[in-house]
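What follows is a set of notes on a single structure, which appears directly below.
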Amino acid sequence: MADSQVMSVLAADTPELDLAGHSFVVRGPSPLEGTVEVSGAKNSVLKLMAATLLAEGTYRIANVPRITDVGLMAELLRAIGCKVTLPGQDVGPKQDSGPKQDVGPNQDIGAVLIIEVPAEIEPVAPRGIVDQFRASIEVLGPMLARCGEAVVALPGGDDFGPRPIDMHLQGLAKLGVEAGTVDGYVHARARELRGGAIRLDFPSVGATENLLMAAVRAKGTTVIDNAAREPEVADLCEFLSKMGAQVSGSGSGTLTINGVDHVEALQPVDHSVVGDRIVAATYLAALGIATGEIVVTGVDLDHMAVLCGKLGNMGMEISAEGESIRARVSNRLSSAKFSTLPYPGVATDLKPLLVALLATADGVGSVTENLFAERFRYVDDLRLMGADIRIDSHHVVVEGKERLMAAKVKAPDIRAGAALVIAGLGAQGETTVSDAHHIARGYDDLAGKLNSLGADVSRS
Ligand code: UD1
């Protein structure tokens, strides 16, 4: 299904997603004030959706963001044989899905996704859908666990350099999977999945999750060393454990999975998605540029501790307030040096947002990228807005300006698009960010939420 088709399917129920070919128009500068609620994390919900393939039945996933990548994953699950009802769609009378579990404080029927997984699934993930987003590769592990075989097109996603899946395939080989790539498709098969010792060269989020989901049904024990520790991985561990999987070490660098023998040992569950720390950080970066005082709800400050420590050093006053984060910026922030690292370090996804923030901070700052070599595509657009940015290998050096200038710019991907929007909050005049559909892949109503904080952002 083409991107535009997915957009229109989703837009029928969620008009804010109807952004294909549209722009964000930001009129700055204006300080921010008020409370903004963050939805569940994109990088968690997509993996939870993939995990439902492990067992037949009806799943209810709450706190789901209204973003296009959720629609894409829904399309993929439908192609595999599932029935998926997106948040906001009329689901008719509720059906019984066995013992009900608490889905947490964010339960809101408007944001509940329902997935009905049939007794038989088709373990084929077609190219037309898969090549549009990276997380699609996450169906590989669950399909192997459920069917012993899978055919999955190589994934797409944001274009910031090569994104191989060698660690996924090497890890699966340790579980007895034979895989090869033919004509852009991974063909994988395992006569019997068996537990194994896997040491990842790098704590890859996607590889950890795929291996974890395959290991759930492997015979014996699997240990994944140097596993990713991101809160979204921990959310997946919690989801799988609720289903009946035997996973320990969640949130640490070593995951131990005792495979369950029978598919009946796994049950469908209800779950509420962990809050999106990247989206929360976007609002904090916006505040750093625009100044003011905001409360961000729906996210755990502990998941953003390193970032918030750095923002505090720059002059942002940040405190935990119950389940929310209160942040205040009275004066222009001082500059700082950031380095992107696997969790608990500063997330690579934040890089464009931090560069935008440094573009208006006082002094010279930098962001060193340690994960994705080519994540620099928004820099020319920030320069159009008057930012003083120099790229030196994998470092971006930024000399802050008191005020940026409005310009016509283009969103190259999700986070860089959001970075250009928040840069517009610190620019004099009207900034137009075109290709807004990239932003809709990962942000649930960014314009509306910024406006609720007093910004002036419209769509054209
Ligand atoms: C996920 C996130 C993405 C985030 C990234 C790092 C989703 C949908 N996306 O992406 O937003 O930026 O984590 O936090 O959750 N690598 C290999 N071989 C592999 C796998 C990865 O070399 O088999 C490399 C990648 O090229 C990259 C690094 O490992 O340099 C990290 O990638 P990884 O953690 O796997 O990112 P994703 O899961 O793709």
Reachable lysines, given that their alpha-carbon falls under 16 Å from the alpha-carbon of Lys242 and they are not under 8 places away in the same chain: Lys47, Lys100
Area projected by the alpha carbon convex hull of region 173-283, averaged over all directions, nm²: 8.4
Taking the convex hull of Cα positions in region 310-460, its mean projected area over all directions (nm²): 8.9
Projected label distance in nm at His395 and Lys337, using a 7 Å step from Cα toward the beta-carbon: 0.7
Solvent-accessible area per residue, Å², over region 224-276 with all protein chains present [probe radius 1.4 Å]: 33
1.4 Å probe accessible area per residue over region 284-420, in Å²: 39
Nonlocal amide H pairs with Gly196, under 5 Å, H built at 1.01 Å: Thr222, Val223
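Sort 132-139, 290-297, 363-370 by packing, meaning the average of other beta carbons within 10 Å per residue, with the highest value first.
In decreasing order of mean packing, 132-139, 290-297, 363-370 become 132-139, 290-297, 363-370.
Of Ser393, Ser23, which has the most accessible area with a 1.4 Å probe, and how do the rest follow in descending order?
Per-residue accessible area, sorted high to low, gives Ser393, Ser23.
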Shape box of region 262-348 [Cα atoms, principal axes, largest first, Å]: 59, 27, 17
Beta bridge orientation in region 177-227: antiparallel %, DSSP, nearest 5: 55
Where Asp456, Asp362, Asp349 fall by accessible area, highest first, once all protein chains stay in place (1.4 Å): Asp362, Asp456, Asp349
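Per the 1.4 Å probe, what fraction of the accessible area of region 178-331, in percent, lies on carbon and sulfur atoms?
Of all accessible area on region 178-331, carbon and sulfur atoms account for 44 percent.
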P(r) tail fraction, the chain - alpha-carbon pairs more than 27 Å apart, %: 52
Reachable lysines from Lys449, criterion Cα separation under 19 angstrom, eight or more residues apart if same chain: Lys42
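The values are calculated or read from the model by the stated rules, or taken from the named source; none is laboratory data. Everything quoted here is computed from the prediction, not taken from an experiment. Don't worry about glycine lacking a Cβ; one is built from the backbone with ideal geometry, like all the others, and counts go over all protein chains shown. Ligands, DNA and RNA are stripped out before the accessible areas are found, and what is left, the full protein with its side chains, is counted by its heavy atoms. Shrake-Rupley method; radii C 1.70, N 1.55, O 1.52, S 1.80 Å.
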